[in-house]
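Asks: What follows is a single structure, and I will ask about it in a moment.
The values are calculated or read from the model by the stated rules, or taken from the named source; none is laboratory data. Quick caveat: nothing in here was measured; it's all calculated off a predicted structure. Quick reminder, even Gly has a Cβ in these numbers, built from the backbone with ideal geometry, and neighbours come from all protein chains shown. Please note that ligands, DNA and RNA were not included when accessible areas were found on the heavy atoms of the full protein model with its side chains. Shrake-Rupley method; radii C 1.70, N 1.55, O 1.52, S 1.80 Å.
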Amino acid sequence: MRSWDEPKKRKARVEIIPMIDVMMFLLVFFVLISLNVIPALGLKTHLPSASSSQDLKPQNKAVITIGLNDALQVDGVDTKIGELPTRLNLAKKNGEKLNVIVNSDRGVEVQRLVEVMDTLKQNGFESISIATRKP
């Protein structure tokens, strides 16, 4: 038997408070993402309103965004109007029909919208929809 005092061995403890903090931050992050509070990349547009608009849920689709100052994007990628058919042909899956949705800012000139739609028609894209919002 020893005569001096030995320190007692301490049991290992798992600190749970920091883990709760991390889980709460992850929860808040995923809630903000799901509510679209964190903005997506792309052009900001103000859609025109139409009382007869309807929801479209096509399977094979491409979204063309026409913004102010000659800005044009296909699925969020900046594109020139001459490259439009090539980029859309790449978006086709196994030769399926591609549904094109034109998302145009309400301040865009009608001539620019007609130019994009004319380019689509000339290159064989028949299913073209214009995105609107309900008033």
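Asks: Go through ASP105, ASP70 and list them by solvent-accessible area, largest first, probe radius 1.4 Å.
Replies: Highest to lowest solvent-accessible surface, that is ASP70, ASP105.
Asks: At 1.4 Å probe size, with no ligands or nucleic acids counted, give the accessible surface of GLU115 in Å², nearest ten.
Replies: Looks like 80 Å² after rounding.
Asks: Indicate the gyration tensor shape class of region 75-121 (rounded, prolate or oblate), computed on the Cα atoms with a ≥ b ≥ c the square roots of the eigenvalues: a/c under 1.5 is rounded; otherwise a/b larger than b/c is prolate and the rest oblate.
Replies: The shape class here is prolate.
Asks: Tell me the net charge near LEU84. Cut-off is 12 Å between Cβ atoms, LEU84 excluded, with +1 for each Lys or Arg and -1 for each Asp or Glu.
Replies: -2
Asks: At a 1.4 Å probe radius, which order do ASP5, ASP78, ASP118 fall into by accessible area, largest first?
Replies: Output order, biggest surface exposure first: ASP5, ASP78, ASP118.
Asks: Here is a follow-up. Could you compute how much accessible surface ARG87 exposes when probed at 1.4 Å, giving the result in Å² to the nearest 10?
Replies: 80 Å²
Asks: Checking the cross-link filter: which aspartates and glutamates have an alpha carbon closer than 14 Å to that of LYS92, excluding same-chain neighbours under 8 positions apart?
Replies: Within the straight-line cut-off, LYS92 pairs with ASP75, GLU126.
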